[in-house]
Amino acid sequence: METNVQPARETGPTIRVDELSALRARVIDIMSVEDQQMEEGRAITFTGRLRVEAEEAFSKLKAHFVELGYVPLLRENDSGERQIIVAIRGRLQSTFAQRPWVNLGLLAATIATTVFAGGRYASLLAGDESLSIESILSYGVPFAATLLLILGAHELGHYIQARRHGLLVTLPFFIPVPFGLGTFGAFIQLRGPVENKRALFDVGVGGPIAGLIVAIPLFVAGLVMSVVTDSPAPPTRSMLMHLLIAIFLPDAATSGILLNPALLAARFGLIITAINLLPIGQLDGSHIAYAALGRRWARWIGYATIAIMAVLGIVSSPTWFVWIGFALLSGMRHPAPMNDITPLDLRRNLAFLATAMLFLSLFSATPF
C-alpha cells in the first residue's frame, strides 16, 4: 500500500490580509495562539495550545477552512508541548479516473507469469524435472491460484478499509515478472491524504489480516495433502507454521515436507505477510507503527529494524539485504496524516498489540 500523498496546494496570489484575519478568527476559537508564521505566501502556521481535544479541533478546522478554500493540518512540535495548525490553500481531495483495463491487464499478465514461472519453480521443488508444458501447468495453476488469492485478499483488505474511511484509492495493481514466483506482489495507491492515525491504522492493518484469513486455511489445506519426508525439519519455519504443522500434520513436526504447489504458495503468502509487517519504508508495518506509536518512535523503530535486518543478512540469509534495499528505495520518511495528534483508541491499541504478536509468530530469521 502506498500512502505518499499530501493535500494539493494551489498556485496563485499570496495570502491576503483579509484571508489571514479570517483564518486567525477561526483558529483562536480552537487554539490559544502564541505565534503565527507565513510559509512561502501559500500557507500559514499557528502555534499554541489547543483549547479542545485534537479530534474535535480538527473537525471544526476542517469545516471552517473549507469555506475559505484552505486545508487544515494538525501537528505537535518536536517537544510535544505545543500544537501546530497549518492552513494550506488548496483542496482536500481531487477526483481521479480509474483505468480498470490497466489493472485487469496487469492481473492477466501476473496470472500468466505465476502459472509458468511459479509452476516451473514448484515442479522442480517437487522433483519433476521434465519441465513440459503439461507439467508446468499442472503445478503452476494451483500455485498461481493460491498465491494470487492471498495477494488479492491482502489488497482487498486495504481497499475496503480505505473506502470505509472515505479515501480515494486505486484498484490493486499486480506486478508480473518472468522469474522466481512470477510476481513481485501487488499494491494499491491512495490518491488523497489520510485524515488521522485511526484511519491510517485501519488501512494498514486491513491488508495483512485479510491476507491471513485466506492464507492460513490454504496453508492447512496444503498440509493435509502433503507427504512427509525423511529429511529434518528446515530452519525456515516460523512459530505459526510450527503450530499449524503440529496440529494438522504432526508427523512432520520434526521432519521435512514434500511441498505441493498449494502449500508452497501459501507458505510464500505467510512469508510475504511477515515481511509486509516490518516497520520500515512504506510497508504495512510502518503505517501501523506510525499510527500506534507516533512519528518519533516509529522512526527510531524503523532504524533499529534496518540494523537488525543487516545483522540477519550477515549471519542468517543475504535475502535480508534485498528487503533493506526495497525499504530504502521506497523512502524511510512516512507521510503524516492531516490530524497527526489524535491517538488510537483502546480497541485499536489492543489490535496493535495483537498485530505485533502476530508478526512475531510469522517471523523467521531464515525465511527462504
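For the chain, take the longest principal axis of its alpha carbons; what is the angle in degrees between that and the long axis of helix 295-315, to the nearest 10 within 0 to 90?
Between the helix axis and the principal axis of the chain, the angle is about 20 degrees.
Treating only the Cβ atoms of Lys and Arg (+1) and Asp and Glu (-1) as charged, compute the dipole magnitude of the chain about its Cα centre; round to the nearest 20 debye. Present the calculation step by step, with values, prior to reporting the outcome.
On the way: 28 positive and 27 negative charges, 114 e Å.
For the chain, the charge dipole is close to 540 debye.
How large is ³J(HN,Hα), in whole Hz, for each residue of the range 277-290 in order, when computed from phi with the Karplus curve 6.51 cos²θ - 1.76 cosθ + 1.60 and θ = phi - 60°, using x for Gly and Pro?
8, 5, x, 9, x, 9, 6, 4, x, 5, 5, 5, 5, 4
Kindly rank 307-313, 143-149, 211-217 from highest to lowest mean number of other beta carbons found within 10 Å of each residue.
Final packing ranking: 143-149, 211-217, 307-313.
What do you get for the angle between helix 133-164 and the principal long axis of the chain? Use alpha-carbon atoms, 0 to 90 degrees, nearest ten.
Between helix and principal axis, roughly 20 degrees.
For the residue pair residue 368 and residue 345, what label-to-label distance in nm results when each label sits 7 Å from Cα along the Cα-to-beta-carbon direction?
My value for the distance between the label points is 4.1 nm.
Quick one: order 158, 242, 64, 287 by neighbouring beta-carbon count within 10 Å, fewest to most.
With the fewest neighbours first, 158, 242, 64, 287 line up as 242, 64, 287, 158.
Hey, fewest Cβ within 10 Å first, where do 366, 170 land in order?
366, 170
State which stretch of the chain is the longest one without any exposed GluC sites (Glu not before Pro), exposure meaning a DSSP loop state and at most 11 other Cβ atoms within 10 Å.
Result for the longest clean stretch: 130-368.
Mind listing the phi-derived Karplus ³J(HN,Hα) values for the range 251-265, rounded to whole Hz, using 6.51, -1.76 and 1.60 with θ = phi - 60°, and x for any glycine or proline?
Values, residue by residue: 5, 9, 4, 10, 10, x, 10, 6, 6, 8, x, 5, 5, 4, 5 Hz.
If you take every DSSP beta bridge whose two residues both sit in the chain, what share of them, in percent to the nearest 5, is antiparallel?
90
Using alpha-carbon positions, what is the distance between the centroids of the range 137-154 and the range 223-289, in Å?
16
Using a 10 Å cut-off around each Cβ, can you sort 62, 197 from fewest to most neighbouring Cβ atoms?
Arranged by neighbour count, lowest to highest, 62, 197 become 62, 197.
Any idea how far the Cα center of the range 310-356 sits from the one of the range 162-183, in Å?
Result: 19 Å between the Cα centres.
Name the long-range amide H neighbours of residue 82: under 5 Å, sequence gap of 5 or more, or other chain; modelled H, no Pro or chain starts.
77
222 nm [θ] for the chain, helices only, -39500 (n - 2.57) per DSSP H run of 4+, per residue, to 500?
-17000 deg cm²/dmol
Project the alpha carbons of the chain onto their principal axes and report the range along each, largest first, in whole Å.
79, 40, 33
Mind listing the long-range amide H neighbours of residue 71? Cut-off is under 5 Å, sequence gap 5 or more, other chains count too, H placed in the peptide plane at 1.01 Å from N.
88, 89, 90
Coordinate-derived values only; no laboratory data. Given the structure is predicted, the values throughout are model-derived calculations rather than measurements. Heads up, the Cβs are rebuilt from the backbone with ideal geometry, glycines too, and the neighbour counts pull from every protein chain shown.
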